[in-house]
Amino acid sequence: MTILVTGATGNAGGAVVESLAEQGIAARALMRSARDLPAGIEPVYGDLNRPETFADALTGVTGIFLLSGYDRLEELLTNAVGAGVQKVVVLSSSSLDGELTNAVAAYHHATEEAVRASGLDWTFLRPNSFMSNTLRWLDQLHAGDEVRVQFPDVPVSTIHPRDIADVAVRALGGSSDGEVLRLTGPVALTPVEQVAILAEGIGRQLTAYPMSRSETHDALLASMPEPYAHAIEGFFGDGTIDETSVNNTVTEVTGQPGRTLQQWVRQNAGLFG
C-alpha cells in the first residue's frame, strides 16, 4: 500500500502523514515547497489545482487522501484511474448534513459527486470543526489575555485532527468502502469552555469575551468572502447543521477513544508561546 496525501502540510493532511509514518505505511506527501517529513514519507512537489504537476507521482499509488474544493478534479481522478489507484478518501464536511446550496457545502458536495462518478472505491469523511481551530485565537493571545469568541453559547464536539487521520488510514487500507463517516469529538464544549481548557493547558489567565450575534456577523464578513461568512453564520448561529451531538464513529473505526481538547492543547501548547 502506498498513499498519496494531498494537503500534506495542513492540519488534517499533516496528521494523516503522521499516522501513516507511525504505522510504517509508505506514503507520498504532496507539497508546494520543501518541508520536514517523518521517515518513510516521500515528498512530491506540485499544486493540487494543477493535476499535471504531480501526475507522475500517482504511479504505484494505491490510495489518495483528497481535500475538497480544488480545480480540475475530474482530470486528477482520470489520472488516478489510469495509474491504477484503487481508493480515494475525501476530507469532506459536516456542512453536507444541511442545505447543499451554501458556499461551504456546495464545494464539498461537488467533490463527493465527482469521486462517486470516477469509478474508484471511496470513503467520505464528514468531520466536525477541528480542535486545531483554536489557533485562530493566536493573534488575540499575542495582544493580551482576552479572547473574543463567536457563537459563545453553542457547544461543538470538536475533533482532534489525528482522529480524522487515523480513521482515514483505516479507510485507505480498505475499510469503509462506499461509506460516509460522520466524525465528532468525544464531548461538546462551548467556545467559552474551550478557552478555559486552553488557559489551563498553556498556563495563562485567559478571559473569554462572548461576542454578540451582530459583532460575530461583522467579524465574519471582515475575515472571509460574504458567501462563506453567511454559511458559517447559518451553521452555528441558525443551527442549520448539528456539531453539538457526539457519536462513536472514531472509536468504532479505530478501536481507540476520541482524543480530547485537553490532549490537543498539551500536544500543541508550544504553538501558543
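The values are calculated or read from the model by the stated rules, or taken from the named source; none is laboratory data. If you're wondering where the values come from, they're calculated on a predicted model, not measured in any experiment. Heads up, the Cβs are rebuilt from the backbone with ideal geometry, glycines too, and the neighbour counts pull from every protein chain shown. When the accessible area is computed, the model is the full protein with side chains, heavy atoms only, and any ligands, DNA or RNA have been set aside. Shrake-Rupley method; radii C 1.70, N 1.55, O 1.52, S 1.80 Å.
Evaluated with a Cβ-only charge set (Lys, Arg +1; Asp, Glu -1), the chain carries a dipole of roughly 580 debye about its Cα centre, given to the nearest 20. Residue-wise HN-Hα couplings along the range 28-41, as the Karplus relation 6.51 cos²θ - 1.76 cosθ + 1.60 with θ = phi - 60° gives them from phi, are 10, 9, 7, 9, 8, 8, 5, 9, 5, 10, x, 4, x, 9 Hz; Gly and Pro carry x. Amide H contacts under 5 Å for Ala27: Ile3, Glu42, restricted to partners 5 or more places along the chain or on a different chain, H placed in the peptide plane at 1.01 Å from N.
State in Å² the accessible area per residue of the chain; use a 1.4 Å probe, count heavy atoms of protein chains only, and round to the nearest integer. Write out the running numbers ahead of the final one.
Details: 12200 Å² over 273 residues.
Value for the chain: 45 Å² per residue.
Here's the picture: charge each Lys and Arg Cβ at +1 and each Asp and Glu Cβ at -1 in the chain, and of Thr190, Phe235, Trp122 the one pushed furthest to the positive end of that dipole is Trp122.
By how many nm would the segment from Ala39 to Leu120 lengthen if fully extended, with 0.36 nm per residue of separation less the alpha-carbon distance? Before the final figure, lay out the partial values.
On the way: separation 81, 0.36 × 81 = 29.16 nm, distance 2.89 nm.
This chain segment gains 26.3 nm when fully extended.
Each DSSP beta bridge with both residues in the range 115-236 is either parallel or antiparallel, and the antiparallel ones are about 10%. Charge dipole of the range 166-225 (Cα centre as origin; +1 on each Lys and Arg Cβ, -1 on each Asp and Glu Cβ, all else neutral): 60 debye, rounded to the nearest 20.
Treating only the Cβ atoms of Lys and Arg (+1) and Asp and Glu (-1) as charged, compute the dipole magnitude of the range 70-133 about its Cα centre; round to the nearest 20 debye. Result for the range 70-133 is approximately 180 debye, rounded to the nearest 20. Taking 7 Å steps out from each Cα toward its Cβ at Ser214 and Leu100 produces label points 3.8 nm apart. Scanning residues 5 or more positions from Val149 or on other chains, those with amide H under 5 Å from its amide H are Tyr209, Met211, with H placed 1.01 Å from N in the peptide plane.
DSSP beta bridges confined to the range 1-126 are antiparallel in about 5 percent of cases. By the combined test of axial Cα extent (at least 20 Å) and Kyte-Doolittle hydropathy (mean at least -1.0), the qualifying DSSP H helices of the chain come to 103-118. Each residue of the range 47-61 was assigned a 3J(HN,Hα) from its phi angle through the Karplus expression (A = 6.51, B = -1.76, C = 1.60, θ = phi - 60°), giving 10, 4, 6, 10, x, 5, 6, 9, 4, 5, 6, 7, 4, x, 7 Hz with x at Gly and Pro. Karplus-derived 3J(HN,Hα) values for the range 152-157, using 6.51 cos²θ - 1.76 cosθ + 1.60 with θ = phi - 60°, are x, 9, 9, x, 10, 8 Hz; glycine and proline are entered as x.
Using a 1.4 Å probe over the heavy atoms of the protein chains, calculate the carbon and sulfur portion of the accessible area of the range 134-271 as a whole percent. Walk me through the numbers before you get to the answer.
Numbers: 3320 of 6640 Å².
Ligands and nucleic acids excluded, carbon and sulfur give 50 percent.
Between Glu99 and any residue 5 or more places off or on another chain, the built amide H atoms are never under 5 Å apart.
Among the protein heavy atoms of the range 1-129, carbon and sulfur supply 45% of the accessible surface, probe 1.4 Å, non-protein parts ignored. Between Ser175 and Leu138, what's the calculated FRET efficiency when r is the beta-carbon distance and R0 is 35 Å? Round to 0.05. Working from the Cβ atoms, E equals 0.45.
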